[in-house]
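Inspection log for the structure reproduced underneath, given as structure tokens.
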Amino acid sequence: MRGWIRPVAALGLATAMLAVAACGRDADGTQNEGPGTAVGAGPATGEINIWAMGAEGEKLSALIEGFTKDNPEATVKVTPIPWDGAHDKISTAITAGETPDVALIGTTWMGEFARTGGLDPTPEDLIKPADFYPGAWDTTVVDGTSYGVPWYVETRLFYVNKEVAGKAGITAPPTTWEDLKAAFAAMQDKGGAKWGVSLQPGATGSWQSVMPFVWQNGGTVQKEDGSFDFDSPESVAALEYYKSFFSEGLSPSDLPQGSLEPEFVKGDIGAFVSGPWHIGILEEQGAAGEYELWGMPTKQSATSFVGGGDLAVFKDAANREGAWKFVSYLSRPDVQATWFQTVGDLPSVKSAWDDPALKENPLLSAFGTQLNDAKSPPTISTWDQVAAVFDDKMEALIKTGMTPAEAAAAIQEEATSIGTGA
Amino acid sequence: MTARPQDAALRRGRRGARLRRAVVGWGFVSPFTLLFAVFMAGPVLVSLAMSFTDLRSADVRDPLGVNFVGLDQYAKVFGDPLFLKASGNTAFFVLFGVPLTMTAGLAVALGLSSGLTRFRTLFRVGYYLPVVTSIVAVSVVWRFLLQPETGLVNSLLALVGVDGPNWLADPDLSLPSLVVMATWRNLGFQMVVFLAGLQAIPQNLYEAARLDGAGAWQQFRHVTLPMLRPTMLFVAVITSIGYLQFFEEAYVMTQGGPLNSTLSVSYHIYKQFGFGNYSYASAMSYVLFVAIVALSLLWFRLLKRKEQ
């Protein structure tokens, strides 16, 4: 009666031993995979499955008709998934080998997913890197190989209250670090603003506000050899400049949630840094036309941050050719322009900006101009964790007595112990 | 029946009853046991095994292609300054939150079971409502209450001439603010349990105490409290387990800030899973698990029913 126990136990033990024996990392690690195999010409066929998050997921079906007109043999199935949990869902799909053909991937996730070996390298015959903004293209490149295509982009500018700037006697956007600070000081002294500018006082996502200043000063995240470079003199000087806005009383360090926009509209806050979505938010607050946009100031360069979303094809895609053809269709300038009209996503393809809707809108064209000088963080798989350390130290830098040099050294030390995941 | 020897029938009957009891017993536990075995036991064992390796999110396609690192992840947990900070915060939350919630819950239950007879149902609903309200709605309301310039709390303080602080943005006040909020949010559950416990105390004990000349305080001290011991044990264990894993309040109100002053152990674990440090986060989860078991055992020792 108990005869079955022994074979089962033996089987279990054997499996466990096999598992332990199979454990252990390969010595070689990641390497440059080189471009993906050519996809070739001709229309796409079969079903193409795509996952997309947020508004992109809900509205993407609007573009399908244009694709199936040229590719009558193909059908496209869009599955909208919420941003919350999208990272885990994609990660689980890669683990199980049950991926869709294409998915929208947040730019800072590319390093992690590419390193799982789950993403297909971009085929060179279909996608031309030079068509895209370089900062956006860099988000797809992991260890020298591109694993996707930038779909849409966003970058950061200064939103400035026109009335406050006018009262402060500012006629043209300041172009240097010194002038920028003087302008915010004038907006506070003469313009009637309580705060000249509102910069993020550390905490989640503040690296997106601080890193542009580091880049402007010639600092980098990583040295040529791949080690971190947070404690370079250039970075320290940039942190010092950023902190000075708080220590000189130009920026609030504990603004309650949700009070930025109302206070900006009232003129209590002279300016803030944000991306294109604030055009819509300010319009809802009845402030359309009452503000202007300034590009980043120049130190060594006038670099801003570029974010957005990439499209990637999975190694486990059932319809690889169709998937890349659909991605290439979404990267066509006219389709990118239509997509902007549909959801308001800014095109990642440079020539799409010739569309009059973008070119003749002064607010949007300001973003277009800034995109030519915008950077993204390196595509390392531990970036989210390194960024969290950075955000923590920024908060300590601004709210405690920590000096820029101490903050830079602390970030460097913790980032180095986290490593790049390579 | 009459033809058979009586004791044999009895034995068979007893055996049948025992079998039936066993079947019924297993029948009752099987839904949990089955679900646990299928959906929990596997993942629990895998996560335990995972905590002895260096698995990261980049390894998910080849989960066996990782190194066995023994207790390295556990050693790392205790050398992680953020984990130590989070442990301190969690300890503070439990140390102040549990007694505060229990005292408040008991006080409300006593009030409702004796003094307040009018609108009793209204008060019960009022105190219980926060328990069943979504934390997201609660957080929105509390953020309004705690607004530094326009919030109700600081407006009231201004009436008596006190310049109220920016509660959630001050690293020294953010965690106590969350403790108060959690107390308010959870005392309704405790109130219900204490009410049930109070109703189970026989009235004749109070009568006897009164005959012996015991005052209100003495009745409370020598009748109510001892009789509530099992109820208090239950409430203490449940509340401690909940507070040791405190997460939602910090997640929706402060995101762990400012300066990590509201970062809890659960929140830290959640973040590490998010960063893809699966094995490190697993190791931390087991450390938290051990802490929960230890605290529960401590409560059992402290509040165990005295031997009769």
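Please treat every number below as a calculation from the coordinates, not as lab data. Source: prediction; values computed, not measured. When we count neighbours, we look across all protein chains shown, and the Cβ atoms used for this are built from the backbone with ideal geometry, even at glycine.
Structure values in brief
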quantity: Farthest positive-ward along the protein assembly as shown dipole, Cα basis, beta-carbon charges - from B:Phe275, A:Thr139, B:Leu152; calculated: B:Leu152
quantity: Proxy reagent accessibility, fewest Cβ within 10 Å first, across B:Thr53, B:Thr103, B:Thr262, B:Thr121; calculated: B:Thr121, B:Thr103, B:Thr53, B:Thr262
quantity: Alpha-carbon Debye profile of the range A:378-422, log10 I(q)/I(0) at 0.17, 0.29, 0.31, 0.33 Å⁻¹; calculated: -0.45, -0.98, -1.06, -1.14
quantity: DSSP-assigned coil residues among GluC sites (Glu not before Pro) in the range A:65-162, each with at most 15 further Cβ atoms within 10 Å; calculated: A:Glu73, A:Glu98, A:Glu124
quantity: Chain B - Debye-derived log10 I(q)/I(0), Cα point model, q = 0.07 Å⁻¹; calculated: -0.44
quantity: Rounded to the nearest 20 debye, dipole of chain A from Cβ charges on Lys, Arg, Asp, Glu; calculated: 420
quantity: Long-range HN-HN contacts of A:Trp51 with modeled amide H, under 5 Å; calculated: A:Thr79, A:Val102, A:Ala103, A:Leu104
quantity: Kirkwood Rh in Å, taken over all unlike Cα pairs in the range B:178-269; calculated: 15.7
quantity: Global geometry of chain A, whether rounded, prolate or oblate, following the gyration tensor of its Cα atoms and the 1.5 cut on a/c; calculated: oblate
quantity: On Cα atoms only, tilt of A:5-22 relative to the major axis of chain A in degrees; calculated: 50
quantity: Convex hull of the protein assembly as shown built on C-alpha atoms - directionally averaged projected area, nm²; calculated: 46.9
quantity: Note, ³J(HN,Hα) from phi for the range A:83-92, Karplus 6.51, -1.76, 1.60, rounded to Hz, x at Gly and Pro; calculated: 4, 4, x, 5, 4, 5, 5, 5, 4, 5
quantity: Restricting the range A:168-264 to GluC sites (Glu not before Pro) in coil, as DSSP defines it, with at most 16 other Cβ within 10 Å; calculated: A:Glu224, A:Glu248
quantity: Distant alpha-carbon pairs in the range A:70-109 (separation over 10 angstrom), percent; calculated: 77
quantity: For the protein assembly as shown, size of Cβ-based charge dipole, Lys and Arg +1, Asp and Glu -1, in debye; calculated: 5340
quantity: Which of A:Phe367, A:Ala96, A:Phe213, positive extreme of dipole for chain A (C-beta unit charges); calculated: A:Ala96
quantity: Rough spin-label spacing in nm, given labels placed 7 Å along Cα→Cβ, for A:Thr416 and A:Thr338; calculated: 5.3
quantity: Under 5 Å, built H, 5+ apart or other chain: amide partners of A:Gly36; calculated: A:Thr122, A:Glu124
quantity: Principal semi-axes in Å for the range A:253-399 [√(5λ), Cα gyration tensor, largest first]; calculated: 31, 24, 15
quantity: Charge dipole (debye, nearest 20) of chain B; +1 at Cβ of Lys and Arg, -1 at Cβ of Asp and Glu; calculated: 2000
quantity: In sequence order, calculated HN-Hα J values of the range A:235-244 (Karplus, 6.51, -1.76, 1.60; Hz; x Gly/Pro); calculated: 5, 4, 4, 5, 5, 4, 4, 5, 5, 4
quantity: Global size of the range A:92-228 as Cα Rg and Dmax, reported in angstrom; calculated: 20.6, 62
quantity: Cα Rg, Dmax, the range B:111-204, angstrom units; calculated: 16.9, 54
quantity: Distance from the range B:259-307 to the range B:109-164 (C-alpha centre basis), Å; calculated: 29
quantity: Cβ-based charge dipole, the range A:307-399, positive-most Cα from A:Gly322, A:Gly309, A:Ala352; calculated: A:Gly322
quantity: Whole-Hz couplings from phi, Karplus 6.51/-1.76/1.60, listed for the range A:248-258; x for Gly and Pro; calculated: 8, x, 8, 10, x, 10, 9, 5, x, 3, x
